[in-house]
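Colleague: Below: one structure in structure tokens.
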Amino acid sequence: MIKLSRRDFVAAAAAGLAAPLLMSGPARAATAAKVVVIGGGFGGASIARYLRRNSPDLSVTLVERDKQFTTCPFSNGVIGGLWSIADVTFTYDGIAAAGVTVVHDTATTIDADKKTVALAGGTVLDYDYLVVSPGIQFVWDSIEGYSAEAAEIMPHAWQAGPQTTLLRNQLEAMDDGGLVVIGVPAVPFRCPPGPYERATLIANYLTQSKPKSKIMILDANESFAKQPLFEEAWKNLYPGMVEWIPGSQSGIVMSVDTSTMTVSTSFDDYQPAVANIIPAQRAGQIAIDAGLDAGQGFCAINPATFESTVHKGIYVLGDATIAGAMPKSGFSANNQAKACGAAILADIAGTEFTPAKLINVCYSFAKADYAFEVVDVFEVAGDTINLVFDDNRFTPEGASDEVHQSEAKYAHSWYENITAEMFG
Amino acid sequence: MRIALIALIFMAPLSLGALPASAQETSPGGQLAQACTSCHGLQGRSLGAVPSLAGRPAADLVALLKTFRDAPNEATIMNRITRGYTDDEIAALAAYFSAMSPTP
């Protein structure tokens, strides 16, 4: 049997051969296909736009709790005072204008057999394809004494928005000479270079405004992303201000006490003026409730299509996934979304899907006109996703001011382009 | 309303259908290019300092990408990225971006 692909059907329509009553078989299925996307972050926003762009008759519903989205990328610049929270906050108007049905509600139950999603507001959505892109949630009890309430005093600022503003306000209110502690959980966590970029941009602010202050990174890990580049920036730009303490040297934050502003590791107690405590993370609750993580905390996926290995017809994107060498980043989620979107459209059309290489680029700022980057190119390899090359992925150490300045300009341009793709 | 809906359903695919197959985001070159557009802008039309790729001659793009990959002469992210791509992939990317309009 010859399968009629969407393109063939469109060609037939263009040739004037098609009338609405001809819309049967695969073409009809394509027209009627319903995609529901849970979560309007980098993964969810990107795939909703991708699907509408490439299949304008597809029904795409985006379920998102919040009316606006503050990006974690570039939010460290808000904390460091380089730009404002408004500069990194977007509405869903552009997504709605692109023909996506945007529902501001919380998905509470996925029924993978009936192919329905129940929302907290009582609505039940049925789907042919479900994309789950819920981001992360915090494992509060990974640190004794830490909780959502404690985060109002010792912010994590690891989901951008009010927490970002809170941490910025605390830094602005702090006296000169204060200690800022940043607690970093063991990997895997969202945005691996993020805590160190944050320390660097806080150092930039404190050097200008409160130069007697100190920053201490209490790290559960023994090494970190772009370590030589961050250490180079600390040494050259902010000498003596940033101290990094790895897990083996009592760097693991074990407990906090917000009533005494105490942060404790296995051997030491600190009483910082500002405590930025980032707890351990796992996939958003809807993914856990649907069993998509199979008890692992993050969700295994088919590395080509991002379809869940647990439930057929459900796809998982972004920070919630276990995606081989791909880090938990907005860039990764955006690239995964477009691969997944192509796979879903191929499935609808009944055509074969062949994965293409994906990229992750991550810029980190050290100050307004100084940035550096890591780039990864990925390919599907068996049941996982591997780096195409492992060496020379970073801005070189000892790069000129000119290089760091152009990297900062490219970082801004990346941000403008990727957010326009999602929210523009 | 119904007529408008039918018109919508048919008009949008028609405009997509006007592009060659290699210019679709779902084509092999278009699929590869989705990794590039995260920085270079949708369909290769960049809003900032990252150069636009849309509508540039395919031969120029191929030559540029191969120079980045094979004869790097300054520190730039493109020297690093292009190491991940074969000649065939570079050709497919160049074909996709050259088919894009420089204006929306």
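The values are calculated or read from the model by the stated rules, or taken from the named source; none is laboratory data. Note that the structure is predicted; figures quoted are calculated from it, not measured. All Cβ positions, even for glycine, are placed from backbone atoms using ideal geometry, and neighbour counts span all protein chains on display. These accessible areas exclude ligands, DNA and RNA; they are computed on the full protein's heavy atoms, side chains included. Shrake-Rupley method; radii C 1.70, N 1.55, O 1.52, S 1.80 Å.
Colleague: Could you size up the charge dipole of the range A:46-179 around its Cα centre, putting +1 on the beta carbon of Lys and Arg and -1 on that of Asp and Glu, and report it in debye to the nearest 20? Intermediate values should be presented prior to the final figure.
Modeller: Working: 8 positive and 17 negative charges, 120 e Å.
With only Lys, Arg, Asp and Glu charged at Cβ, the dipole is about 580 debye.
Colleague: Give the A-B buried accessible area in Å², both sides summed, 1.4 Å probe, nearest 100.
Modeller: On the way: alone 18150 and 6910 Å², together 21580 Å².
Heavy-atom accessible area buried at this interface is about 3500 Å².
Colleague: With a 1.4 Å probe and all protein chains left in place, how much accessible area per residue does the range A:223-329 have, in Å²?
Modeller: Per residue, the range A:223-329 has an accessible area of 39 Å².
Colleague: Sticking with this structure for a sec: Quick query: amide H of A:A381 versus all other amide H atoms, modeled in the peptide plane; which residues come in under 5 Å with a sequence gap of 5 or more or a different chain?
Modeller: A:N386
Colleague: Just to be sure I understand: with springs between alpha-carbon atoms less than 10 Å apart, which residue in A:G122, A:G297, A:G44 has the highest mean-square fluctuation in the Gaussian network model of chain A?
Modeller: Ranking A:G122, A:G297, A:G44 by mean-square fluctuation puts A:G122 first.
Colleague: While we're on this one: Starting from the amide H of A:W244, placed 1.01 Å from N in the peptide plane, find each other amide H under 5 Å away whose residue is 5 or more places distant or on another chain.
Modeller: Those qualifying (amide H under 5 Å, at least 5 residues apart or on another chain) are A:I217.
Colleague: Grab the DSSP H runs of the protein assembly as shown that are 4 residues or longer, score each as -39,500 (n - 2.57), total them, divide by all residues and round the 222 nm result to the nearest 500 deg cm²/dmol. Walk me through the numbers on the way to the answer.
Modeller: Numbers: 16 runs with 186 residues, N = 528.
Computed ellipticity for the protein assembly as shown at 222 nm equals -11000 deg cm²/dmol.
Colleague: Ok, one more. Rounded to whole Hz and in sequence order, give me ³J(HN,Hα) for the range A:301-316 from the Karplus expression 6.51 cos²θ - 1.76 cosθ + 1.60, θ = phi - 60°, writing x for Gly and Pro.
Modeller: 9, 5, x, 8, 9, 6, 6, 4, 7, 8, 10, 5, x, 10, 10, 10
Colleague: If you don't mind, another one. I'd like the Karplus ³J(HN,Hα) series for the range A:101-107: coefficients 6.51, -1.76, 1.60, θ = phi - 60°, whole numbers in Hz, and an x wherever there's a Gly or Pro.
Modeller: 7, 9, 10, 8, 7, 10, 6
Colleague: When the solvent-accessible surface of protein heavy atoms is calculated with a 1.4 angstrom probe, in what order do A:E172, A:E307 fall, highest first?
Modeller: Details: A:E172 100, A:E307 30 Å².
So, going from the largest accessible area down, we get A:E172, A:E307.
Colleague: Which value, in Å² rounded to 10, gives the accessible area of A:K367 with a 1.4 Å probe and all protein chains present?
Modeller: Approximately 70 Å² of A:K367 is accessible to the 1.4 Å probe.
Colleague: For B:R45, which sequence-distant residues (separation of 5 or more, or a different chain) have an amide H within less than 5 Å of its own amide H, given hydrogens modelled in the peptide plane?
Modeller: B:L53, B:A54
Colleague: Right, next: Rank A:N236, A:N204, A:N276 by mean-square fluctuation in a GNM of chain A with C-alpha springs under 10 angstrom and give only the top-ranked residue.
Modeller: Comparing A:N236, A:N204, A:N276 in a Gaussian network model of chain A, the most mobile one is A:N236.
Colleague: Tabulate in residue order the Karplus-calculated ³J(HN,Hα) for the range A:335-342, using 6.51 cos²θ - 1.76 cosθ + 1.60 with θ = phi - 60°, rounded to whole Hz; enter x for Gly and Pro.
Modeller: Per residue, the Karplus-derived 3J(HN,Hα) values read 5, 4, 4, 6, 5, 5, x, 5 Hz.
Colleague: Moving on to the next point. Where the only charges are on Cβ atoms (+1 Lys, Arg; -1 Asp, Glu), what is the dipole of the protein assembly as shown about its Cα centre, to the nearest 20 debye?
Modeller: Numbers: 35 positive and 53 negative charges, 336 e Å.
Computed about the Cα centre, the dipole is about 1620 debye.
Colleague: Helix A:162-173 versus the longest principal axis of chain A: what is the Cα-based angle in degrees, 0 to 90, to the nearest 10?
Modeller: In chain A, helix A:162-173 runs at an angle near 20 degrees to the longest axis.
Colleague: Another question, then. Roughly to the nearest percent, how much of the accessible area of the protein assembly as shown is carbon and sulfur, given a 1.4 Å probe? Walk me through the numbers on the way to the answer.
Modeller: Numbers: 11870 of 21580 Å².
Answer for the protein assembly as shown: carbon and sulfur cover 55 percent of the accessible area.
Colleague: What pairs from A:K34/A:K409; A:K226/A:K357; A:K357/A:K409; A:K226/A:K409 go past 30 Å between their alpha carbons?
Modeller: Working: A:K34/A:K409 40 Å; A:K226/A:K357 23 Å; A:K357/A:K409 26 Å; A:K226/A:K409 19 Å.
Listed pairs above 30 Å: A:K34/A:K409.
Colleague: To continue, here is another question. Evaluate the charge dipole of the range B:22-98 about its Cα centre and quote only its size in Debye, nearest 20, assuming +1 on the Cβ of each Lys and Arg and -1 on the Cβ of each Asp and Glu.
Modeller: On the way: 6 positive and 7 negative charges, 35 e Å.
With Lys and Arg at +1 and Asp and Glu at -1, about 160 debye.
Colleague: Could you check which residue among A:K212, A:K226, A:K328 shows the biggest mean-square fluctuation in a GNM of chain A with a 10 Å Cα cutoff?
Modeller: A:K212
Colleague: Towards the positive end of the charge dipole of the range A:142-280, with charges on Cβ (+1 Lys, Arg; -1 Asp, Glu), say which of A:P162, A:V274, A:N221 has the farthest Cα.
Modeller: A:P162
Colleague: Taking Cα pairs under 8 Å and at least six residues apart, what relative contact order does the range B:22-98 come out at, in percent?
Modeller: Details: 88 pairs, mean separation 30.2, N = 77.
RCO, the range B:22-98: 39 percent.
Colleague: Ranked from the most accessible area to the least, with a 1.4 Å probe and all protein chains present, what is the order of A:L345, A:L62? Mind dumping the intermediate values first?
Modeller: On the way: A:L345 25, A:L62 0 Å².
Highest to lowest solvent-accessible surface, that is A:L345, A:L62.
Colleague: Would you list, by chain and number, the aspartates and glutamates whose Cα falls below 19 Å from the Cα of A:K214, excluding same-chain residues fewer than 8 positions away?
Modeller: A:E172, A:D175, A:D176, A:E197, A:E231, A:E232, A:E243, A:D268, A:D269
Colleague: Please identify every one of the GluC sites (Glu not before Pro) in the range A:382-424 that sits in a loop by DSSP and has no more than 15 other beta carbons within 10 Å of its own beta carbon.
Modeller: Working: sites: A:E397, A:E402, A:E407, A:E416, A:E421; in loops: A:E397.
Answer by residue number: A:E397.
Colleague: Suppose accessible area is computed on protein heavy atoms with a 1.4 Å probe; arrange A:R49, B:R83 from highest to lowest.
Modeller: Largest to smallest exposure gives the sequence B:R83, A:R49.
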